[in-house]
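The values are calculated or read from the model by the stated rules, or taken from the named source; none is laboratory data. This one's a predicted model, so the numbers in the text were calculated from it and none came from an experiment. Every residue, glycine among them, receives a Cβ derived from its backbone with ideal geometry; neighbour counts consider all protein chains shown. The protein model used for the area step is the full one, side chains on, heavy atoms only, and it has no ligands, DNA or RNA in it. Shrake-Rupley method; radii C 1.70, N 1.55, O 1.52, S 1.80 Å.
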Amino acid sequence: IDQIRAFLANQFVEFEDYFVIDSMPLEVCKIAREKRAKICKEAYETSPDKGYCASQKMYFYGYKLHGVCSVNGVFHSFDLSKASVHDSDMAPELNSQLSDCVVVGDKGYIGKELQLDLFNSSNIKLEAPSRKNQKEQKKYPSIFRKSRKRLETLFSQLCDQFMIRRNYAKSFKGFRTRILSKITAVTLIQFVNYFILGRNINNLKHAIV
C-alpha cells in the first residue's frame, strides 16, 4: 500500500522544494482507560502512551501522526510515534527523506542544533517561528503561516471526511495499516482530481466519477 501511495505522491512532489511538517494526535482510547486498555500493546516499542497536544491543549493516550506534505497538500511522507515523543525528535528523520529544500514547521520544531544538523547533512532549511521569550527574534514570513495551514487543513479532512481517528484496530500493525490506507485514499483522490479530471486536487468531497 505504501509503495502505491509513494508512487502517486511522487507524481506531484518530485520537483518540489518547499514542504510543510506538523503532527496530530491519534487517540486509541480515553485517558481514563489507559491503564486497563490492551490495544496495540503486543510490544513495548510500538505500544501507545500518554502525551500532550499543545495546539489542542489536551493530554491524550495513543500516538502522534507526523506528516510532511507539499505546499499543495500532498503527503510526501508520514510516520507514527508514541504520544510522548516531541515533534522535534522526529524532525531528524527528514535527513533520509528530503534534501535541498525548505521545510516549514511550527514552534515545536525550534532548535538551532536541529536546524544546523538538517542544513549541514541534507541542505534542508528548517523554518519555524520564534517564541515570544527568545532573545533572538526573526521575522517569520506570512507566506509560511499560510503554507502551514495547508497541512492543518489536510489533517482536518482526514479527521472529518476519512474519520482517521475512528480506528478499531487491536494491534499496532493493524492500526498503522488503517492509517496508511486512509492517507493513500486521500492521495489517490488527489491524483484523479489533478491528472484525470483536471480540477483542484483538494476537492476531496466531490465524487471522482
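Only one entry of GLY73, GLY62, GLY51 meets the criterion of being within 30 Å of VAL192 (Cα to Cα) and open to solvent by less than 10 Å² (accessible area, probe 1.4 Å), and that entry is GLY73.
Of all the residues in the range 30-45, those that are open to solvent by 50 Å² or more (accessible area, probe 1.4 Å) and assigned to a loop (DSSP other than H, G, I, E, B) number 6. Scanning the range 14-27 for residues that are over 23 Å from GLY108 (Cα atoms) and in contact (Cβ under 8 Å) with a residue 40 or more places away in the chain returns a single hit, GLU16.
The residue list LEU118, LEU154, LEU80 contains one member that is over 22 Å from ILE201 (Cα atoms), touching a residue at least 12 places away in the same chain (Cβ under 8 Å) and either part of a loop (DSSP other than H, G, I, E, B) or under 13 Å from the mean Cα position of the chain (by Cα) (or both), which is LEU80.
Identify the residue in the range 64-83 that is of a type in the set (A, V, I, L, M) and touching a helix residue (DSSP H, G or I) at 6+ places or on another chain (Cβ under 8 Å) and, among all such residues, is farthest from PHE144 (Cα to Cα). Even if it seems obvious, please write down each step before you answer.
The initial filter retains those residues of the range 64-83 that are of a type in the set (A, V, I, L, M), namely 65, 68, 71, 74, 80, 83.
Imposing the further condition that a residue be touching a helix residue (DSSP H, G or I) at 6+ places or on another chain (Cβ under 8 Å) reduces the set to 65, 68, 71, 74, 80.
Numbers: LEU65: 21, VAL68: 14, VAL71: 9, VAL74: 16, LEU80: 24 Å.
Filtering the range 64-83 for residues that are of a type in the set (A, V, I, L, M) and touching a helix residue (DSSP H, G or I) at 6+ places or on another chain (Cβ under 8 Å), the one farthest from PHE144 (Cα to Cα) comes out as LEU80.
Out of ALA37, ALA54, ALA91, one residue alone is out of contact with any strand residue (DSSP E or B) (no Cβ under 9 Å at 6 or more places or on another chain) and of a type in the set (A, V, I, L, M, F, W, C). It is ALA54. Residue check: is GLU27 under 19 Å from the mean Cα position of the chain (by Cα), more than 25 Å from PRO129 (Cα to Cα) and surrounded by 12 or more Cβ atoms within 10 Å (Cβ to Cβ)? Yes, satisfied.
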